[in-house]
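Worksheet: one structure, shown below.
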Amino acid sequence: ERLAEELVAQMPPSKQTPPLIAQRFERYFATEGDFEYTLNLTAETVPGLDPLEQFLTRDRKGHCQYFASAMVMMLSSQGIPARLVVGYHCDEFNELGQYFIVRQSHAHAWVEALIERDEIPLGNNLAGQPRSDRYWMRLDPTPGGGGVPGSDENGGTKVVDLAQNLWNDYVIEMDSRRQRST
C-alpha cells in the first residue's frame, strides 16, 4: 500500500484516474522499478515476512505471478477492483491446421483492472467482453524476461536471457505467418 501511495503521489492530480494509475503501476514493474524477471526460485525466505513484501522490498525479482500478485494488491489498496489472471500467452498459429499452438512455456499470469467504460484508454483491447458500463483492462507488469545488461546472483547475465528469448521467438518458434508479420 505504501508503494502504491508513493507512485500515485508522484502523479499530477488530474492524472490520478483508475486507468492511469493502473498503467503507472504496470510501467513501474515492467520498466522503471529495477525489477527482474526470473524463474530461479531459490531465494531464501525470510521468516515472518510476507512473500509479496519480500518480493517488493528485498528480492525485487521473481516470476510473473509475483509481479501480477503485487500489482493486484496495489490496485486494490487504491480502491481499483483488480484480479489476477492465469493462462497462456501465445501467438503461434498453425496455418495448415488453423489452430494456436500452446506450450507449457507460454504459461503466464497478468492483471485485469475493472475500469469505467468512459475511462478506458483509446486502443485498449476489449475483445471478448460483452457491452457493459465497466470493462476489464488488461495489464502485464512482468518485465520482458530479462534483457537489460547486468549480472544476476549466479554470475550469469541478463543478456544471455535476452539472447535465449530472441532465439526462441525468432528462430525456434518462427513460422511463415510470423515471418510475414515481422
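The values are calculated or read from the model by the stated rules, or taken from the named source; none is laboratory data. These figures come from a predicted structure and were not determined experimentally. With ligands, DNA and RNA removed, areas are computed over all heavy atoms of the protein, side chains included. Shrake-Rupley method; radii C 1.70, N 1.55, O 1.52, S 1.80 Å.
See the values below:
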{"quantity": "Shape of the range 1-141, Cα gyration tensor, a/c cut at 1.5", "calculated": "oblate"}
{"quantity": "Solvent exposure ordering (accessible area, 1.4 Å, most first) of CYS64, CYS90", "calculated": "CYS90, CYS64"}
{"quantity": "In Hz, Karplus ³J(HN,Hα) per residue of the range 48-57 (6.51, -1.76, 1.60; θ = phi - 60°; x = Gly, Pro)", "calculated": "x, 9, 4, x, 5, 5, 5, 4, 6, 9"}
{"quantity": "Order of exposure, largest accessible area first, which applies to ASP50, ASP133 with probe 1.4 Å", "calculated": "ASP133, ASP50"}
{"quantity": "Accessible area in the full protein assembly, largest first, 1.4 Å probe, for LYS15, LYS61", "calculated": "LYS15, LYS61"}
{"quantity": "Accessible area of the range 1-43 belonging to carbon and sulfur atoms, whole % at 1.4 Å probe", "calculated": "50"}
